[in-house]
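Data block below; observations after.
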Amino acid sequence: MYISGIGMVSAFGRGIDNCVKVLREAIIPETYHVSQDVIAAGKLPRRMRRADKFSKMATLAAMDAVEDSKLDVKKKPGSLGIVLSTAFGPHVTTFKFLDDLVTYGEENVSPITFSHSVHNAAVSYITSAIENHGPALTIAGFVFAFHQALHVARSWLDEKRCENVLVGCVDERGEVSDAIISGKMGREKDFNIKPFDFSANASMYPSEGAVFFMVTDDASEKNYCKVDGVLHGAFAEDKKESDMYILDTDGLSGDETPYMDIKEKKAMISGYSPLFGSTPGLSAFHCAVAALTIKNQRVYVAPVQDNPHGLNLCSFGKNMDIDSVACIKYNCLRERGYIRLERSKKEG
Amino acid sequence: MDRIAITGIGAVSAAGGNLKEILRSFESGKRNAASPSVFKTSLTYPVFEVLSMPCPEQKGDRTISLAMVAIKEALSQAGFIDGLKGRNAGVCLGTTVASQLNDIDFYRVFKNKQTVQMEKIERFVKGNLAETVSRRVNAEGPSATVVNACSSGADAIGIAISWIKSGLCDIAVAGGADELESVPLCGFRSLGIVSDILCAPFDRNRKGLNLGEGAGVLILERESNARGRGIAPKVFVTGYGSVSDAYHLTAPHPEGIGLELALKTVLKQGKVTAKEVAFINAHGTATLDNDKVETKVLKKVFGDNVKFFSTKGYTGHTLGAAGGLEAAFTASALDVGWMPSSAGFVEIDEEIGIAPIMVKTQIDKKFAISTSLAFGGNNAALLFERAE
């Protein structure tokens, strides 16, 4: 399975070029919100005028991934599948619906708000925006949903249900979710994410965004890289060493001590959560960075250099030979998620 | 060809606490609907509650409880009484309500006091349906909770089939579960599609859907795997089609292009002609739009003599559970050899032009299809085959 296109929307803005700029210059954003200006400039279909931010972020990232891959969806509208993963879904809209319920009563709620509060509204808009008639679904999970989505994409390609799959991740911030995260962490948000402290009470700052990948079994030099392996669970062990490891240390799991295992690795270590913020979908953002690293044959400097455990940290950006990157994630039960990307080799 | 066998079926709904009871309700025509009692509401629309299930203290637990009732029945039938440890098993379940943070009391407290009830959040975050079930049945393979509105259960079964075919797991627990709750009742009511009387799928005087709750689950594995365990499968899933309308957020495409493609996909996958299909267990929600579009497509693909019915007259529309429950009913019907009447139907609608099955009817062919049409425009179809 190969990555042939990427689309992203985050605090840094929209698009791969913006992401590369942020990676090169290690620009930590002033706020971890996706700006409404970015959404407004997005040139979304007119039928999305009443859509919420969740659906708009998802659709922009998906459209960008399609464009980046150069796939002509209209040529074979049934041959593209879509899998969206999310932790909390369009919860801002859900809470707006609850607010209407509480404020105005059960008989006076908005059907438009209700329609947008269902988890698969975003995928519905994506199918309309790109005029696709293939299978489309949404998966919900709090830690490994993106890994699960990649598994679905893999099995759809294996069984030839689709020729390409748009697989991605979306999550949003809101007043209630910010309060939940602060309450869960037992403290105020700490803007200073420290990805390599591996603290038992890690600092975090909630964020939002969307990432989509076009994946395919069609090996081409234009692809970013190959998806060599995806695992999650209690037994998700590395089967191969990688040239570089990117850690999903954003503070959301609270206890990041399991990441101490990485000290055994001699390979280069990095983590870019300060650029994207703390989000359940960080694995997807890191997967995009890994793909860019391999495609561009360039490692990007870790934006925070505090290194109390003496890791082989990526201390400055440089061009180098990189064949493989693994993205590692732990949940609060010490179960592990693992996505390994590899440089595509010439077929034949 | 190593077909995907169904080695266990489990179901719980307002029609009964297990599959046997539900089939008895189908035979007798009994419909257990009443005003809501499992949640607080001022609305009095009829709903289909699982009265045998006591009300849990916490939101979200009910969906897991419903799922576990159906799963235990299915695992027992499949011969996995002690769970699935060491068997490379996956869990793929569909739901809607259980994945949404739509606890009204929680929000009211937050709005009034700016306080977050963290114990409710902990339960929510630790209560992802498929992950929780995986831990309870010791399934160590892949897991996924599908939240695709009304086709969630069917899509979950489709994903499980893909997993098995691609070698990600050998056995899968697949289907859907959903609990009744006031938020979807208010929401669907605001869309004008909830009936204030018992629903009547396909009927001329239908006024909309009734909500319901329940769980329907299949145990899936390759035929060779089942026979290796000494089980001779009675029914197989030989096709899964999933097609997006790409049309509208809530309404189906008026020509049903997505459903038509999904049906043609499963016929092609199963190498079956339309004439060989005994019946279609339709989505049949009793809304004006769904029933009109769905029957238009059924006539187009299968002809005017198509045999079809909806079981939502017995269970209500169980949202994320519907695809799973109806897959369970379709497979069971092929196994027992009869299809139920379409409860609530009395008079043909001229715009539809055909009538569903009105009496219990013997099945004379070995293939059947279950359809699910989701909010958001996804159309799912599952093809089932009875063993020779």
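We did not get these values from a lab; they are worked out from the coordinates using the rules stated. Bear in mind that the values here come from a model prediction, so they are computed numbers and not experimental data. Methodologically, a virtual Cβ is constructed for each residue, glycine included, from the backbone with ideal geometry; neighbour enumeration extends over all protein chains shown.
The lysines whose alpha-carbon is closer than 21 Å to the alpha-carbon of B:Lys275, local same-chain residues fewer than 8 away aside, are B:Lys264, B:Lys296, B:Lys299, B:Lys300, B:Lys307, B:Lys360, B:Lys365, B:Lys366.
Of all complete DSSP H helices in chain B, those with a Cα span along the helix axis of 15 Å or greater and a mean Kyte-Doolittle hydropathy of -1.0 or more are B:61-78, B:152-165, B:257-269, B:288-302, B:322-336.
Neighbouring Cβ atoms within 10 Å as the yardstick, rank B:Asp364, A:Asp68, B:Asp335 fewest first.
B:Asp364, B:Asp335, A:Asp68
Summary of the geometry: region B:265-316 and region A:5-31, compared by the centres of their Cα atoms, lie 48 Å apart.
Post the alpha-carbon centroid distance, region B:205-253 to region A:224-282, in whole angstrom. About 36 Å separates the Cα centre of region B:205-253 from the one of region A:224-282. Within region A:252-328, the trypsin sites (Lys or Arg not before Pro) that combine a DSSP coil assignment with at most 15 other C-beta atoms in a 10 angstrom radius are A:Lys266.
Counting Cβ atoms of other protein chains within 10 Å of each residue's Cβ and taking the mean over peptide B:105-115 gives 3.
Most simply put, the protein assembly as shown has about 65% antiparallel DSSP beta bridges, counting only bridges with both residues inside it. Within region B:4-386, antiparallel bridges make up roughly 70 percent of the DSSP beta bridges whose residues both belong there. Legend: mean number of C-beta atoms from other chains within 10 angstrom of residue C-beta atoms, peptide A:145-158, equals 5.
Along region A:103-120 the Karplus relation, 6.51 cos²θ - 1.76 cosθ + 1.60 evaluated at θ = phi - 60°, assigns HN-Hα couplings of 7, 10, x, 5, 8, 10, 8, 8, x, 5, 4, 4, 4, 7, 7, 7, 4, 9 Hz to successive residues, with x for each Gly and Pro.
Need one value for B:94-102: mean number of C-beta atoms belonging to other chains within 10 Å of its residues' C-beta atoms.
The mean count of partner-chain Cβ atoms within 10 Å per residue comes to 5.
Residue ranges B:65-73, A:245-253, B:13-21 sort as A:245-253, B:65-73, B:13-21 when ordered by packing (mean number of other C-beta atoms within 10 Å per residue, highest first).
3J(HN,Hα) along region A:271-283: x, 10, 4, x, 7, 10, x, 8, 8, x, x, 4, 4 Hz, from the Karplus curve 6.51 cos²θ - 1.76 cosθ + 1.60 with θ = phi - 60°, whole Hz, x for Gly and Pro.
With both bridge residues required to lie in chain A, what share of the DSSP beta bridges run antiparallel, to the nearest 5%?
Counting DSSP beta bridges with both partners in chain A, the antiparallel share is about 65 percent.
Placing unit charges on the Cβ atoms only, positive for Lys and Arg and negative for Asp and Glu, gives chain A a dipole magnitude near 840 debye about its Cα centre.
With unit charges on the beta carbon (Lys/Arg positive, Asp/Glu negative), name the residue among A:Phe196, A:Ala267, B:Gln77 whose Cα is farthest towards the positive pole of the charge dipole of the protein assembly as shown. Highest projection toward the positive end goes to B:Gln77. The H on the amide N of B:Gly212, modeled in the peptide plane, is under 5 Å from the matching H of B:Phe48, B:His317, B:Thr318, B:Leu319, each at least 5 residues off or on a different chain. Applying both filters, DSSP loop and at most 12 other Cβ atoms within 10 Å, to the trypsin sites (Lys or Arg not before Pro) of region A:123-185 gives A:Lys160.
Place +1 on the Cβ of every Lys and Arg and -1 on the Cβ of every Asp and Glu in the protein assembly as shown, take the dipole about the Cα centre, and give the residue among A:Tyr338, B:Ala278, B:Val336 whose Cα lies farthest towards its positive end. The listed residue farthest towards the positive side: B:Ala278.
Highest mean packing comes first when the peptides B:127-138, B:211-222, A:141-152 are listed by Cβ atoms within 10 Å, giving B:211-222, A:141-152, B:127-138.
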